[in-house]
Amino acid sequence: MNNLATRSVTATGFVIVMVGTMLLGPIASAVLFLIVTYLCIEEYIKLSATTGAHPDRFLTLIVGVSVYIVVASTALYQLDVRWIALILLLMLLLMIAELYHNKPNPFTNISWMVLAVVYIAIPFALLIHFFNVDGEGWKERSGLILSFFVILWLNDTGAYFVGSLTGKHKLFERISPKKSWEGSIGGGIIALLTAWGLSFLFVQYSLLQWFMIALVIIVFGTLGDLVESMLKRSVGVKDSGNMLPGHGGVLDRFDAVLLASPMVYLLINFIN
């Protein structure tokens with residue numbers, strides 16, 4: 001099976017699982033993204049081994065998963081915002097624990113562990129805030145999170161195909177030689193047209209607001225892809241893993257989410 005066919009089969013299965021889970025609602029999605037958070041942190045910690053760093057894998061996973069649960073629970077169960085203070089305690093634990101490890105380069109080890117929480121766990125947990133947990137119908141309950149991923153995926157897919165056909169001017173050659181301005185613009189236009197179509201289906205936001213959401217996804221989704229590429233290049237690897245045939249690792253598949261999710265979260269809190 002050639003690479004395009006492999007990518008297509010994997011992507012189809014991926015989309016079916018993701019969309020199906022989001023339609024089931026916030027609890028099912030919270031469980032899915034908890035698993036994804038765990039897998040992404042696992043891949044991320046393995047990347048650290050190529051640099052000679054020695055972050056505590058078990059502690060990073062425990063803290064990352066715990067922070068995810070706290071942030072996601074503030075959406076699912078309307079926990080008092082004071083529970084967020086637990087995150088500070090858990091982050092301090094990462095630093096204090098390093099005192100007892102007696103490993104070289106503690107500053108580097110702590111940096112890897114803290115970044116795992118900030119870069120991976122929190123963005124995935126914020127996705128649960130995109131649900132209207134009190135909504136009764138799937139459109140009311142899941143409209144924003146479904147739209148977030150549809151816009152993100154079509155932006156990425158559009159950029160890939162338009163760039164493959166017409167790409168001549170490199171977007172960021174030092175980091176990602178295959179990305180082009182033509183592809184990014186083409187993907188962005190497709191994403192904006194998608195937002196226009198979604199505005200008729202999900203009416204909780206105006207057309208202007210949907211365009212604002214789409215623009216944030218386009219810009220920060222692309223930057224998220226580039227940031228992950230930068231991190232992988234810095235440790236000398238092509239993919240974060242091999243769990244998803246044709247797509248690399250789980251972290252590779254969700255790289256755009258990690259920057260787009262926090263920025264969309266901020267935006268919707270300002271426009272609501």
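Points worth noting:
- Single match in 143, 221 (criterion: within 30 Å of residue 84 (Cα to Cα), out of contact with any helix residue (DSSP H, G or I) (no Cβ under 7 Å at 6 or more places or on another chain) and surrounded by 21 or more Cβ atoms within 10 Å (Cβ to Cβ)): 143
- For the stretch 146-176, taking the residues that are among the aliphatic types (A, V, I, L, M) and not in a helix (DSSP H, G or I), the one that is surrounded by the fewest Cβ atoms within 10 Å (Cβ to Cβ) is identified as 175.
- Residue 150 in the same structural domain as residue 204 (by TED's automatic domain parsing), more than 22 Å from the chain's Cα centre (by Cα) and not polar (S, T, N, Q): no
- Within the stretch 182-272, helices (runs of 4 or more DSSP H) holding 2 or more residues that are in the same structural domain as residue 149 (by TED's automatic domain parsing), at pLDDT below 95 and more than 20 Å from residue 121 (Cβ to Cβ): 207-235, 255-271
- Residues being modelled with pLDDT of 90 or more and within 25 Å of residue 145 (Cβ to Cβ) - total across the stretch 77-106: 0
- The number of residues in the stretch 15-41 that are touching a Leu at 6+ places or on another chain (Cβ under 7 Å) and within 20 Å of residue 91 (Cα to Cα) comes to 3.
- Residue 83, sole failed condition from (1) loosely packed, with under 11 Cβ neighbours inside 10 Å; (2) aromatic (Phe, Trp, Tyr); (3) part of a helix (DSSP H, G or I): (1)
- Selection within the stretch 256-272: residues that are without any contact (Cβ under 8 Å) to a residue 24 or more places away in the chain and not aromatic (Phe, Trp, Tyr). The member of this set that is surrounded by the most Cβ atoms within 10 Å (Cβ to Cβ) is 266.
- Selection of first residues in the stretch 108-121 that are farther than 12 Å from residue 261 by Cα and of second residues that are crowded, with 20+ Cβ neighbours inside 10 Å and among the hydroxyl-bearing types (Ser, Thr, Tyr), restricted to Cβ pairs under 6 Å at least 6 apart or on distinct chains, gives the following pairs, ordered by first then second residue: 112/48; 113/60; 116/44; 116/60.
- Near pairs, Cβ below 9 angstrom, 6+ apart or cross-chain, from the stretch 229-255 (hydroxyl-bearing (Ser, Thr, Tyr)) to any residue that is in a loop (DSSP other than H, G, I, E, B): 229/175; 234/51; 240/249
The values are calculated or read from the model by the stated rules, or taken from the named source; none is laboratory data. Just so you know, these numbers come straight off a predicted model, no measurement behind them. All Cβ positions, glycine included, derive from the backbone under ideal geometry; neighbour counts span all protein chains shown.
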